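The values are calculated or read from the model by the stated rules, or taken from the named source; none is laboratory data. Nothing here was measured: the structure is a model prediction, and the numbers come from that model. Neighbour counts are summed over all protein chains in view; Cβ atoms, including those assigned to glycine, are modelled from backbone coordinates with ideal geometry. Side chains are part of the model used for accessible areas, which takes the heavy atoms of the whole protein and leaves out ligands, DNA and RNA. Shrake-Rupley method; radii C 1.70, N 1.55, O 1.52, S 1.80 Å.
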Amino acid sequence: MQVGVIGGGIIGLSSAYYLTKAGHQVTIIEQSEMKDGCSFGNAGMIVPSHLIPLAAPGMISKGIRWMFNSNSPFYVKPRLSGDLIKWGYHFYKSATKEHVERSAPALKEISLLSKSMFKQLSTELPFDFGYHERGLLMLYQNRETEHEEMETAALANAHGIEAHIISAQEIQKLEPDVRVKVRGGVYFPGDAHVTPQLFVNQLKTYLKEKGVVIKDKTEVIDFVMESGKIKSVKTENEEFNFDEVVLATGSWSALIATKLNLSLPMQAGKGYSFTIENVQKNTRIPSIFLEARVAVTPMGNTLRFGGTMEITGIDHSISMNRVQGIVDSIPKYYPEMKVEIPKREEIWHGLRPCSPDGLPYIGRSKKINNLIIATGHSMMGLSLGPGTGMLVKELVAREKTTMSIDRFDPHRFD
């Protein structure tokens, strides 16, 4: 079939990979130059440990507390927006223990599927993208966070995801080259990581070699509908006819969906990262500073720090206060690591596509017969990329999917 994939991030590229492998002719339409975006500067973590969606008990009170601190890890920009109010209402309704209990099995299954795909890709693709299975350290410094993390570890173990509560001394043994100052932590040995820009850039080149047509700097401006199907996709200069269309445009998905008269509640969650080059004494295991909500990933001889969640709409401005918050957290956990605030041009930012319940939208549209939706992965886009790509391939072929995707129904808020 002729398949059009709208969106050239990790979800779009992964979908194109598995669709091409299945024998379809794929065209990717992407509005940017495909040189930045969430798929490039993220923390590179593959995290089956992340069973709890963003909408969880306690997030409302934490979010309100953080909102009044200019360098806190979370911020919602106050603005008169019907979409934001609707999103906030659904988030509030979803932030329950019951939602976590219902969502955890589905998140676990897609995470483990995606990790297995990454592992397979690391051997079958003709390039190295820095895939390592070294686990993940969740580091905490106070008693309240310790209590929360013990509950998370118990939930993970109950769902078959191995989690070990470990002491500060045990953490230091795992990180012999860097002094770590913590109360304790949880170690998830089953997590992995990659160098995302290596994966995305080389996968794009590989797909071109396999015959995938990539139309970058090309914006979708409209659709022509006929008999409940997308007859053609219109851009400024061309019109494309596809048998099947995959919507994988990340934070722009809600805007594109309105052109199809679909409602897809979504807010862009801005995150920042910066990378230190030529680190002499590097960490060995990716970690998350829990109180600061900062992710730290060693990538070769570089070290990447990333964090913050700013619900600001489609906004590319950089808040140096938020970046300062990331920088200020580093010596609290790694007291011998001196990191200066990077120059503005050295700071990467990306807009994560956040659904209000913290779950992705993956499924065939019930309203448009040849449309498949694959978006809304929040901070888990890279982690869930290959798994989502495989599910998209199965949806295009109208095969039974590898796992149940009922929890990811794109029409669940209709």
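Every residue in the range 345-376 that is part of a strand (DSSP E or B), open to solvent by 10 Å² or more (accessible area, probe 1.4 Å) and either among the hydroxyl-bearing types (Ser, Thr, Tyr) or touching a residue at least 40 places away in the same chain (Cβ under 8 Å) (or both), please. Don't jump to the end; show me each part of the working.
Residues of the range 345-376 that are part of a strand (DSSP E or B), as a first pass: 348-354, 361-364, 371-375.
Now narrow it down to the ones that are open to solvent by 10 Å² or more (accessible area, probe 1.4 Å): 348-349, 351-353, 364.
Residues satisfying the conditions are Trp348, His349, Leu351, Arg352, Pro353.
Only one of these conditions is not met by Phe40: (1) open to solvent by 30 Å² or more (accessible area, probe 1.4 Å); (2) part of a helix (DSSP H, G or I). Which number is it?
Phe40 satisfies all of (1) open to solvent by 30 Å² or more (accessible area, probe 1.4 Å); (2) part of a helix (DSSP H, G or I) except (1).
For Ala16, state whether it is in contact (Cβ under 8 Å) with a residue 60 or more places away in the chain and part of a helix (DSSP H, G or I).
On the way: in contact (Cβ under 8 Å) with a residue 60 or more places away in the chain: yes; part of a helix (DSSP H, G or I): yes.
It is true that Ala16 is in contact (Cβ under 8 Å) with a residue 60 or more places away in the chain and part of a helix (DSSP H, G or I).
Would you point out the residue of the range 383-400, among those that are open to solvent by 10 Å² or more (accessible area, probe 1.4 Å) and in contact (Cβ under 8 Å) with a residue 40 or more places away in the chain, that is farthest from the chain's Cα centre (by Cα)?
Ala397
Could you run through the range 10-33 and say how many residues are open to solvent by less than 20 Å² (accessible area, probe 1.4 Å) and farther than 18 Å from Ala268 by Cα?
11
Return the residues of the range 207-225 that are under 22 Å from the mean Cα position of the chain (by Cα) and either open to solvent by 40 Å² or more (accessible area, probe 1.4 Å) or closer than 19 Å to Ala257 by Cα (or both); say none if nothing qualifies.
Correct list: Asp216 only.
If Ser404 satisfies every condition in (1) closer than 13 Å to Val246 by Cα; (2) in contact (Cβ under 8 Å) with a residue 24 or more places away in the chain; (3) surrounded by fewer than 24 Cβ atoms within 10 Å (Cβ to Cβ) but one, which is the exception?
Result: Ser404 passes all but (1).
Enumerate the pairs (first residue in the range 95-112 and within 12 Å of Ile52 (Cβ to Cβ) and modelled with pLDDT of 95 or more; second residue anywhere and aromatic (Phe, Trp, Tyr) and in a helix (DSSP H, G or I)) with beta-carbon separation below 6 Å, excluding pairs fewer than 6 apart on the same chain, so at least 6 apart or on different chains.
Nothing qualifies.
Does the range 258-275 hold any residues that are buried (at least 17 other Cβ atoms within 10 Å of the Cβ) and under 23 Å from Glu310 (Cα atoms), and which are they? Spell out the reasoning first.
Start the filter on the range 258-275 by keeping residues that are buried (at least 17 other Cβ atoms within 10 Å of the Cβ), which leaves 260, 262, 264-275.
Across the range 258-275, the qualifying residues are Leu264, Pro265, Met266, Gln267, Ala268, Gly269, Lys270, Gly271, Tyr272, Ser273, Phe274, Thr275.
For Lys173, indicate whether it is open to solvent by 20 Å² or more (accessible area, probe 1.4 Å), touching a helix residue (DSSP H, G or I) at 6+ places or on another chain (Cβ under 8 Å) and not in a strand (DSSP E or B).
Values: open to solvent by 20 Å² or more (accessible area, probe 1.4 Å): yes; touching a helix residue (DSSP H, G or I) at 6+ places or on another chain (Cβ under 8 Å): no; not in a strand (DSSP E or B): yes.
It is false that Lys173 is open to solvent by 20 Å² or more (accessible area, probe 1.4 Å), touching a helix residue (DSSP H, G or I) at 6+ places or on another chain (Cβ under 8 Å) and not in a strand (DSSP E or B).
In the range 228-251, what count of residues is obtained for those that are assigned to a loop (DSSP other than H, G, I, E, B) and touching a residue at least 24 places away in the same chain (Cβ under 8 Å)? Steps first, please.
To start, the set of residues in the range 228-251 that are assigned to a loop (DSSP other than H, G, I, E, B) comprises 228, 236-238, 241-243, 248-249.
Okay, now just the ones that are also touching a residue at least 24 places away in the same chain (Cβ under 8 Å), so 228, 241-243, 248-249.
Qualifying residue count, the range 228-251: 6.
Restricting to the range 2-56, name every residue that is at pLDDT 95 or above and at positive phi.
Gly7, Gly23, Gly44
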